[in-house]
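Inspection log for the structure reproduced underneath, given as structure tokens.
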Amino acid sequence: MTLASFTRPFIRVAAVVMLSLSAAGCANSPDAQDGAGISDPLEPVNRVVFGFNDAADTLLLRPASEVYVAVAPDPVRDAVQSFLRNLITPLIVANELLQGDLNGAQVATGRLLTNTILGVGGLFDVASTAGMPYQEEDFGQTLGVWGIGSGPYVVLPLLGPSSLRDATGLAVDTVADPIRVWAYANDAKGVLYARAGVSAIDRRSHILREVDDLKRNSLDYYATVRSLYSQQRRAQIRDNNTTEQKPDFPVFN
Amino acid sequence: MLTRRHILLSSAMLAIGSMVPSAVFAQAADPGASAFIQKLGDETVATFANKGLSREQAVEKFRTLLYAGFDVPYIGRWVLGRYWNQASPAEQTEYQKLFERLIVDTYANRFVDYSGQTFKITGTRPEGDADTSVTTQILRQDGPPIGVDWRVRKGGSGYKIIDVAVEGVSMGLTQRQEFASVIQGGGGRVDALLQALRQKVGSRT
């Protein structure tokens, strides 16, 4: 009751603020359901930014990730991933709470405590072994859980595929991030840049082969990524526990 | 307070009301579908665990398993979506041929490079009017398991897979949206897609 009375006004305010987003998002859902397309009114601009990102990936991120995989042994890379994940776990706890997912919040809190203490400051993911798997939550997903549609698809420079809703969520997560708050208070912005760089290489290093495959096999790489992104986000918002509106599979004769 | 309780109550009734018919009419998931996926998966693992195969042999085996397990013509037609009816019969025939080659090209390599993944069936549920979704987990040595859902339909020639969803991402829908983008980029002509497909699969054989 206390939790509900605390969060309800906040949710209401947030809902009002997001009303414009919601209106934009509504147009998206019937289309996505039909499978015909995704709202992408900015497609020409998006394609240019996508091309730029792809070039930056080819020239910098992919080679850097390849070197990283070649040089750093598995246990080191695992530790890096665990550490980075542990750093953002407070945000995951907050988002689970805002989504009303108490079980998820409990698991994320358990992970934070277990990995920080037993996992030596987050270097070892002891929690996963103990049956508390990592699940990523962000404010974009929280907005989705609140019923706000994705809005138009946007490709952000360097950050990649997003949507009006998810970009808004990303801005909120960035501002709310405890590490960022700490870094600003202690004049240690270098830490943030270092984390962003290592995090990009860490994430990219896990999908080296997949992205190569995708590029080689796509007729329209941009459209493929757009489709994957929008489906993946919908799956993340569902958290695998609600039935999704599937496209129709008719009988052809 | 009364009105609020009223709203709560009526929304609860609504929720129950909408659940009852689906519970009554929901068909049970077909156990045959799960047995079918188990058998197909076992065969696939056994085939590609054999590292003595040459590349050509492995691709040929893949093609055999693909047709045993998947309704490829159905998937091809579904992926083309509303553009299927815009295509001439000649275009439809060529499209299906190119689509099949694209599938083999895209997926054969992944099986040829098979490296010890196994799978386990974690559940089944009815899907749509007559289909069954078989949910599985692909177990890897080097990472967390991947959730894969197989949408199975029973037809004249037995069970066939008509869509695969990896972590909630449908392969069919991804291709449908990609193909639609290619066609729209080519001024709404199906021929634009055929051209792109010819270039893609033609350049590799």
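Read-outs: derived from the displayed coordinates by stated rules, not from any lab. Remember, it's a predicted structure, so these values are computed and weren't measured experimentally. Positions of Cβ are backbone-derived with ideal geometry, glycine not excepted, and every protein chain shown enters the neighbour counts.
The mean of 1/r over all pairs of different alpha-carbon atoms in segment B:54-166, once inverted, gives a Kirkwood hydrodynamic radius of 15.8 Å. At a Förster distance of 35 Å, what's the computed FRET efficiency of A:Leu170 paired with A:Asn217, Cβ-Cβ distance as r, to 0.05? Step by step, r from the Cβ atoms, then E = 0.75. Per the Kirkwood formula applied to alpha carbons, segment A:118-213 shows a radius of gyration over Rh ratio, Rg over Rh, of 1.00. Mean separation of Cα pairs under 8 Å and 6 or more residues apart, divided by the residue count, gives segment A:145-242 a relative contact order of 21 percent. Its convex hull of Cα atoms gives segment A:150-195 a direction-averaged projected area, equal to a quarter of the hull surface, of 3.5 nm².
D for segment A:40-152, whole µm²/s, Stokes-Einstein with Kirkwood Rh over alpha-carbon pairs at 10 °C and 1.306 mPa s: what number? After rounding, the answer is 96 µm²/s. Distance between the C-alpha centres of segment A:140-193 and segment B:159-205: 32 Å, rounded to the whole angstrom. Rounded to the nearest whole angstrom, the semi-axes of the ellipsoid equivalent to segment A:94-253, taken from the Cα gyration tensor as √(5λ), stand at 30, 21, 18, largest first. Once the Cα-Cα distance is subtracted from the 0.36 nm per residue extended length, the B:Asp142 to B:Val112 segment shows a gain of 9.0 nm.
Volume per residue for segment A:194-253 equals 146 cubic angstrom (convex hull of Cα atoms).
Restricting the calculation to Cα atoms, segment B:123-205 shows an Rg/Rh of 1.10 when the hydrodynamic-style radius is the Kirkwood one.
Computed over segment A:88-155, the alpha-carbon pair-distance distribution with 10 angstrom bins reads 22, 43, 23, 11, 0, each value a whole percent.
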